[in-house]
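Encoded as structure tokens, the structure appears first; notes follow it.
Every number in this text was worked out from the coordinates using simple rules, so none of it is lab data. These numbers come from a predicted model, not from an experiment. Note that each Cβ is placed from the backbone with ideal geometry, even for glycine, and that neighbours are counted across all protein chains shown.
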Amino acid sequence: MNPGNTTQFDKAHLWHPFTPNDAWLDPAFQPVVIASGEGTVLTDTEGRRYLDGNSSIWTNLHGHVRPEINRAITEQLGTVAHTSFLGLTNVPAPQLAARLAGLADPSLSRVFFSDDGSTAMEAALKIAYQYFQQNGQPGRKTFISLGSGYHGDTVGAMSLGHSPLFHHHYGDILFETRQVMPPACYRCPFNRAQPEKADARTTRKCQWECVGEAGKAFSAAGDTAAGWVLEPRVQGAAGFFMHPEGYLQKTTALARDHGALVILDEVMTGFGRTGPLFAFQKENTPPDLLAVAKGLSGGYLPLAATLATEPLFRGFGGNKSRTFFHGHSYTGNALGCSAALASLDLLESTHNENHRNRMAATLERLSGEFWTLPQVGDVRQEGTILAVELVEDFATRKPFDPAKRLGMAVCERARHHGLLTRPVGDVLLLMPPYCATDEELESMTAALFKSIQDIV
């Protein structure tokens, strides 16, 4: 196929996710067409090189064309690429399940494989619901989750999320869940602190009202409470709200006191993004159900998993009617599991926690420069995740008119400075692959800095 026809065929036949059709089809708009990659660098069909500043939408952990993962996939291709997981098993899937269970928490001994973050969360939701229905607590049907949340695009996952932007069209087909205020210190109405040139979590003045609001929701739900659902420590698509230390621990205790299961969505935060392998490990709060995806295969192949405790698994034993009738054609895909095993090896060796912490320290040092820009209201960081929020007025935290789409304009401008990333509203994001050098991190932050100056 002629590479020159790529954009023509794309605009004539493709439908891109989370992309306004009119803007994409505008004749003046020429998309970046990626042709190849190596390490942190992506190269387009015109030979232009870009730093992958958001790890290809938060998935690519170790860099592109990573030889260890390539080798694992190639070796698996030499035996078999995929076989059914219904009534059969394969070699790499059980090995991966054992590794995940051992690395997450001893209590999370069972692993259900699926395809992506949405399906991992859908499985967690259905496991929790069915468990209560067939184990003597059929009244437990209420799920409580954070406002502005995002847990995926399947109907169940959307019901757990409360994103006005992403979910407003589908309200009539979603089931009811209770939402509580997110612990977003910079935007919290209970935070009495004046804006400072520092992460709002470190300067906040409050009485943990966010935890109090969660407590009210659990009290109102009473013995109907089925699950407490949240992304631990960092809410991604909500706007990269970063939670104050202790919120996860405090609200997990509330959920347990009310008999609810704790369901953690680590689709984005998992596999070292916040420092330890999983974000919940920072506060020593293992859940009953844990959803992982994105970086699970190192960003190579669609693969997700829902980890569950042994008591939950045993709750599906007995007669056939208690079976978990849920699955996916590519469950336990051998190629994906082989890639994931190689990725876990890298996370324990080359890109281990010490390496990730050093990388986070470099990002923290470089991020201080953003405070010199008057349009920057908050700079917040958790591990190797850096978020920069743009505001119209620093003193009042007044946001820009969303219709201006300044965040997207800044990221489009960043391409001219050799950086690829994508915002969440007017929150700019850097989440580099772990192979990024200090010089590459400096180039990424400098490109984002220049782009803000160019646009805002």
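Within 10 Å, at most 12 other Cβ atoms, and a DSSP state outside H, G, I, E, B define an exposed site. Report the longest part of the chain free of exposed GluC sites (Glu not before Pro). Walk me through the numbers on the way to the answer.
Numbers: sites that count: Glu46, Glu176, Glu196, Glu245.
That would be 246-456.
Residue farthest toward the positive end of the dipole of the stretch 300-456, with Cβ of Lys/Arg at +1 and Asp/Glu at -1: which of Val410, Ser367, Thr306?
Of the listed residues, the answer is Thr306.
Which far-off residues, 5 or more places away or on another chain, put their amide H under 5 Å from the one on Ser84, with H placed in the peptide plane?
none
How large is the helix-only mean residue ellipticity at 222 nm for the chain, computed as the sum of -39500 (n - 2.57) over DSSP H runs with n ≥ 4, divided by its residue count, in deg cm²/dmol to the nearest 500?
On the way: 16 runs with 158 residues, N = 456.
Computed ellipticity for the chain at 222 nm equals -10000 deg cm²/dmol.
Mind jotting down the distance between the C-alpha centroids of the stretch 382-426 and the stretch 33-107, whole Å?
The stretch 33-107 and the stretch 382-426 have Cα centres spaced 29 Å from each other.
Neighbouring Cβ atoms within 10 Å as the yardstick, rank Arg356, Arg314 fewest first. Kindly include the intermediate steps, with their values, before the conclusion.
Working: Arg356 22, Arg314 12.
Fewest-to-most Cβ neighbours within 10 Å comes out as Arg314, Arg356.
Residue by residue through the stretch 88-105, what is 3J(HN,Hα) from phi via Karplus (6.51 cos²θ - 1.76 cosθ + 1.60, θ = phi - 60°)? Round to whole Hz and write x for glycine and proline.
10, 9, 9, 7, x, 4, x, 5, 5, 4, 5, 5, 4, 4, x, 7, 7, 6
Give the percent of DSSP beta bridges with both residues in the chain that are antiparallel, rounded to the nearest 5. Spell out each step's value before the answer.
Values: 31 of 47 bridges.
Given both bridge residues lie in the chain, the antiparallel proportion sits at roughly 65 percent.
Sort Met408, Met242, Met158 by Cβ crowding within 10 Å, fewest neighbours at the top.
Values: Met408 17, Met242 22, Met158 25.
Fewest-to-most ranking of Met408, Met242, Met158: Met408, Met242, Met158.
Of the listed pairs Lys216/Lys250; Lys216/Lys398; Lys11/Lys450; Lys197/Lys450; Lys294/Lys450; Lys126/Lys320, which have alpha-carbon separations greater than 23 Å here?
On the way: Lys216/Lys250 13 Å; Lys216/Lys398 29 Å; Lys11/Lys450 30 Å; Lys197/Lys450 19 Å; Lys294/Lys450 29 Å; Lys126/Lys320 17 Å.
In this structure, Lys216/Lys398; Lys11/Lys450; Lys294/Lys450 lie more than 23 Å apart at Cα.
How far is the Cα center of the stretch 146-178 from the Cα center of the stretch 224-283, in Å?
18 Å
If eta is 1.567 mPa s and T is 4 °C, what Stokes-Einstein diffusion coefficient results for the chain, Kirkwood Rh from Cα pairs, in µm²/s?
On the way: Rh = 23.0 Å.
For the chosen part, D equals 56 µm²/s.
List, in order, the whole-Hz ³J(HN,Hα) value for each residue of the stretch 439-448 obtained from phi through the Karplus relation with A = 6.51, B = -1.76, C = 1.60 and θ = phi - 60°; use x for Gly and Pro.
5, 5, 4, 5, 5, 5, 5, 5, 5, 5
If you put +1 on each Lys and Arg Cβ and -1 on each Asp and Glu Cβ, how big is the dipole of the chain around its Cα centre, in Debye rounded to 20? List each step's numbers first, then the result.
Details: 39 positive and 47 negative charges, 177 e Å.
It comes to approximately 860 debye.
Please list, in chain and number order, the residues 5+ apart from Val180 or on another chain whose amide H is under 5 Å from its amide H, with Hs placed from the backbone.
Ser145, Leu146, Gly147
Pull up all non-local amide H partners of Ile385: gap of 5 or more, or a different chain, and H-to-H distance under 5 Å with H placed in the peptide plane.
Amide H neighbours of Ile385: none.
Considering Cα pairs under 8 angstrom that are at least six residues apart, work out the relative contact order of the chain and quote it in whole percent. The partial results should precede the final answer.
Details: 859 pairs, mean separation 95.4, N = 456.
Reported as a whole number, the value is 21 percent.
How do Trp15, Trp228, Trp58 rank when sorted from fewest to most other Cβ atoms within 10 Å of their own Cβ?
Numbers: Trp15 7, Trp228 27, Trp58 22.
By the 10 Å Cβ count, ascending, the order reads Trp15, Trp58, Trp228.
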